[in-house]
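Single-structure report; data block below.
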Amino acid sequence: MLNIQSLDVYRGSTHVLHDISLQIGRGESVALIGANGAGKTSTLRTISGLLSPRGGTITYRPSPDADPLALHNMKTEDIVAAGVSHCPEGRGVFSQLSVLENLNIGAFLRNDNEGIKRDLDQILTLFPILAERRGQAAGSLSGGEQMMLAVGRALMSRPKLLMLDEPSLGLAPLIVEQIFKLLQEVNETGVTILLVEQNAVMALEFADRAYVIETGRVVMEGPSNELANDDNVRKAYLGG
Ligand SMILES: Nc1ncnc2c1ncn2[C@@H]1O[C@H](COP(=O)(O)OP(=O)(O)OP(=O)(O)O)[C@@H](O)[C@H]1O
Ligand SMILES: [Mg+2]
C-alpha cells in the first residue's frame, strides 16, 4: 500500500532523514519507534506532503487495483483526499471550537454529505465521550479526550492509511490502553495504521511490524514480537 524508497529529507541545512525505506501492507499496523529527534515526525510530515524530500520516492496505492500515486510530488490536500490522514504530534485540536466542529473539520475535503453523517455517527458511537461532550469547547477536554478527538477528526476524512504521531504522549497508562484499544478497533475495520511512538512497549504490543529509527536512519525492522525480544531493542527502548 505504501512504499517508501531511499528518502532523504533536510530541514534547513540539517540532513534529518537518511536513505529511509519502509513498506506498509494494506490492513497492517506498523510502528515507527525511536528516541527524541530520531526523525519520526519528519517521516510522517514527509508522507503527508508537509516536508519535501530532497531524494527518494513515496508510492501509495489507495486500493489494490488503483494506479500508484507518487505522494512525494503531491500537495497535502490531494494526499488527504487520496486517503492518507495524519493525526499530528500534540493533537492540534482547535480549542475554541466545539467537539462537533473539530470533527467536521476532518471532513473538509469531502462533499458526500450522507457519508459524512454516517461516519460522524460511527465515530460518536466509537468514542461515546465525544458524543457526550459534542457541544463543549475542545480546549476544555482532558488530554485523553483531546487525543480521541484528534483521532476522530482524522477518521472523518475517511482514511485508508491513518498515521498517528505519539498518541500516548502525556497520558495516564489507563487512558493510553483505552486509546490503543480503540486504534485496534479502527485497524480491524480495515484502516491501515502507521504509528509513531516513543512508548516502545505499547507500540510493539500494538503493531504487527515495526521499524526502529536512530538519527534519521532505519537501523532495524521486523515483526513486533521479534523486535520486542531482541537484546539491543530491549536495552535501548524497553528498559532492559
Ligand atoms: N523546523 C525544524 N528546523 C530544523 N531542524 C528541525 C526542525 N524540526 C525538527 N528538526 C530536527 O530534525 C530532527 C528530527 O526531528 P523529528 O521531529 O522528526 O524527530 P522525532 O523523532 O519526531 O522526535 P520526538 O520524539 O522528540 O518528537 C531533529 O534533529 C530535529 O532537531
Ligand atoms: Mg516527533
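The values are calculated or read from the model by the stated rules, or taken from the named source; none is laboratory data. If you're wondering where the values come from, they're calculated on a predicted model, not measured in any experiment. A quick note on method: Cβ atoms are made from the backbone with ideal geometry, for glycine too, and the neighbour counts reach across all protein chains shown. These area figures cover heavy atoms from the full protein model, side chains too; ligands, DNA and RNA do not enter into them. Shrake-Rupley method; radii C 1.70, N 1.55, O 1.52, S 1.80 Å.
Structure notes:
- For ALA35, the criteria (1) at pLDDT 95 or above; (2) of a type in the set (A, V, I, L, M, F, W, C); (3) surrounded by fewer than 22 Cβ atoms within 10 Å (Cβ to Cβ) hold in every case but one, which is (1).
- Long-range neighbours under 6 Å by Cβ, at least six apart or interchain, first residue on the phi > 0 side of the Ramachandran plot within segment 88-114, second away from ligand 1 (no atom under 16 Å from the Cβ): ARG91/GLN146
- Considering only residues in segment 205-240 that are part of a helix (DSSP H, G or I) and among the aliphatic types (A, V, I, L, M), the one that is nearest to GLN178 (Cα to Cα) turns out to be ALA228.
- Selection status of ILE175, under 14 Å from the mean Cα position of the chain (by Cα), at pLDDT below 90, within 28 Å of GLU101 (Cβ to Cβ) and not small (Gly, Ala, Ser): no
- Residues that are within 14 Å of ligand 2 (Cβ to nearest atom) and aliphatic (A, V, I, L, M) within segment 180-199 comprise LEU194, LEU195, VAL196, listed in sequence order.
- Meets criteria (farther than 24 Å from GLY34 by Cβ, at pLDDT below 95 and open to solvent by 20 Å² or more (accessible area, probe 1.4 Å)) for ARG158: yes
- One residue stands out in segment 64-110 among those that are among the hydroxyl-bearing types (Ser, Thr, Tyr) and either open to solvent by 30 Å² or more (accessible area, probe 1.4 Å) or in a loop (DSSP other than H, G, I, E, B) (or both): the one that is farthest from GLY216 (Cα to Cα), namely SER95.
- The residues on offer are ARG133, ARG45, ARG26, ARG61, and the sole one that is open to solvent by 50 Å² or more (accessible area, probe 1.4 Å), without any contact (Cβ under 8 Å) to a residue 60 or more places away in the chain and closer than 23 Å to GLU221 by Cβ is ARG45.
- Segment 161-177 residues that are within 16 Å of ligand 2 (Cβ to nearest atom), paired with ones that are among the aromatic types (Phe, Trp, Tyr) (beta carbon under 9 Å, 6 or more apart): PRO167/PHE180; SER168/PHE180
- From the list MET147, MET202, MET163, the one residue that fits, being open to solvent by less than 40 Å² (accessible area, probe 1.4 Å), assigned to a helix (DSSP H, G or I), in contact with a Ser or Thr (Cβ under 8 Å, 6 or more places away or on another chain) and within 16 Å of ligand 1 (Cβ to nearest atom), is MET202.
- Any hit, segment 76-86, residues being within 16 Å of ligand 1 (Cβ to nearest atom), at pLDDT 95 or above and over 14 Å from the mean Cα position of the chain (by Cα): no
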